[in-house]
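**Student:** I'd like to ask you about the structure that follows.
The values are calculated or read from the model by the stated rules, or taken from the named source; none is laboratory data. Being a predicted model, the structure only gives us computed values, none of them experimental. FYI the Cβ positions are ideal-geometry reconstructions off the backbone, even for glycines, and counts take in every protein chain you see. The accessibility values were calculated without ligands, DNA or RNA, using every heavy atom of the protein model including side chains. Shrake-Rupley method; radii C 1.70, N 1.55, O 1.52, S 1.80 Å.
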Amino acid sequence: MKELSIQENVILAPYTTMKIGGRARFFVEAHNENDVVDALRFAYEKGLDVFVLGGGSNVLISDKGFDGMVMHIATQGVEFSKADESVTATVQAGEDWDDFVANCVERNLAGIECLSGIPGQVGGTPVQNVGAYGQEVSETIVSVRCLDRNSLAIRELCNEDCCFSYRRSIFNSTDLGYYIVLSVKFSLKQNGEPKIAYKDVRDYFVDRTPTLTEVRDAVMAIRRSKSMVLDADDPNSRSAGSFFKNPIVGIEILAAIRKSFPGVPSFTVDADNAKIPAAWLIENAGFQKGFVLGSAAISSKHTLALINRGNATSGQIVNLKEKIQTEVESRFGILLEPEPIFVGF
């Protein structure tokens, strides 16, 4: 405990991409696994709730702050090991995700190139099974090393143990709040071909097969055009990324919607279900890019992003979220599910 620096009344807004959030009663940066364990012991001795904060890219923190301990994961380190045509990368949870993606692309390792430009840390990627442009991290995750918050024992969960599905894992569903991700192990293909599954990416290259570097550059360009890459000079990027998940509905519900809206786009999930783009639902419920509600707004470039125009409160973001949910549910009978984690509400 002598080496662990525990601060009090730390403002959390600067640690988030939305730049919103009050004070943490206690705040600690964990630079190694021992710090994580020691911080938990400190919190348990004082009867404190604990929130684990990574890159702050997928959270909305209340203006009231968090009356407990916020643990900011700051562990660093990436190790590569080769076996035949695959390369295993063991990455500490506090590593910047996009830096890791760039590193892999430079090494000509295929498997996560379409996930370029996503803000946040590596430890957050298995929690939500982060995905974009036709790729998900679960396609390359071998295992997740994590700490059992109750017993303080370390466990290694294999891919199957994590029960990955669309934007879902045991870490944000059945075992929510049970584990702290310490590191993630990925299997990547040396000299593998990039994945060109998403329409925006296919259209970017027309009929030719690009290199991994070209795919990364294309994804970054597409994301920048939607203000989905962090940029201090771009107010549209002051967001938590996509604020709503694309809903998965039964084919009967989709058929009913198509009676009134024949042009509704959809993507087949399985024989009984389809995915409808949340952006389409929002726009056809009467909300356009740039819609403003106080100091909160919908991005002028990306309908799924709710942004802080400069001095938005968490309450204003929530009001906008609820207004969108109400209109979409009223028109289509679908309740949009938010992606970010709500802290301190």
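This table checks each residue for (1) open to solvent by less than 40 Å² (accessible area, probe 1.4 Å); (2) over 26 Å from Asn129 (Cβ atoms); (3) in a strand (DSSP E or B); (4) touching a strand residue (DSSP E or B) at 6+ places or on another chain (Cβ under 6 Å).
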| residue | (1), (2), (3), (4) |
| --- | --- |
| Glu3 | no, yes, no, no |
| Asn9 | no, yes, yes, yes |
| Tyr44 | no, yes, no, no |
| Gly55 | yes, no, no, yes |
| Asp63 | no, yes, no, no |
| Asp67 | no, yes, yes, yes |
| Ser81 | no, no, yes, yes |
| Asp98 | yes, no, no, no |
| Asn103 | no, no, no, no |
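**Student:** Exactly one of (1) under 23 Å from Val87 (Cβ atoms); (2) in a loop (DSSP other than H, G, I, E, B); (3) among the charged types (D, E, K, R); (4) free of Cβ contacts under 8 Å to residues at least 24 places away in the same chain is unmet by Asp161. Its number?
**Tutor:** Single failed check for Asp161: (2).
**Student:** List every residue pair whose Cβ atoms lie under 9 Å apart, where the two residues are 6 or more positions apart in sequence or sit on different chains, the first residue falls within segment 301-327 and is within 20 Å of Ile61 (Cβ to Cβ) and part of a loop (DSSP other than H, G, I, E, B), and the second residue, located anywhere, is open to solvent by 70 Å² or more (accessible area, probe 1.4 Å) and acidic (Asp, Glu).
**Tutor:** Thr313/Asp63
**Student:** So, one more: Every residue in segment 138-184 that is closer than 20 Å to His31 by Cβ and not aromatic (Phe, Trp, Tyr), please. If you could, list the steps in order and put the result at the bottom.
**Tutor:** Residues of segment 138-184 closer than 20 Å to His31 by Cβ: 144-147, 149, 152, 154, 179-184.
If the condition is that a residue be closer than 20 Å to His31 by Cβ and not aromatic (Phe, Trp, Tyr), then Val144, Arg145, Cys146, Leu147, Arg149, Leu152, Ile154, Ile180, Val181, Leu182, Ser183, Val184 are the ones that fit.
**Student:** Please work out if Asp175 is outside any loop (DSSP other than H, G, I, E, B) and either in contact (Cβ under 8 Å) with a residue 60 or more places away in the chain or in contact with a Ser or Thr (Cβ under 9 Å, 6 or more places away or on another chain) (or both). Can you show your working first?
**Tutor:** Working: outside any loop (DSSP other than H, G, I, E, B): no; either in contact (Cβ under 8 Å) with a residue 60 or more places away in the chain or in contact with a Ser or Thr (Cβ under 9 Å, 6 or more places away or on another chain) (or both): yes.
In short, no.
**Student:** Can you tell me which of (1) free of Cβ contacts under 8 Å to residues at least 12 places away in the same chain; (2) within 24 Å of the chain's Cα centre (by Cα) is the one Ser266 doesn't meet?
**Tutor:** Against the list (1) free of Cβ contacts under 8 Å to residues at least 12 places away in the same chain; (2) within 24 Å of the chain's Cα centre (by Cα), Ser266 comes up short only on (1).
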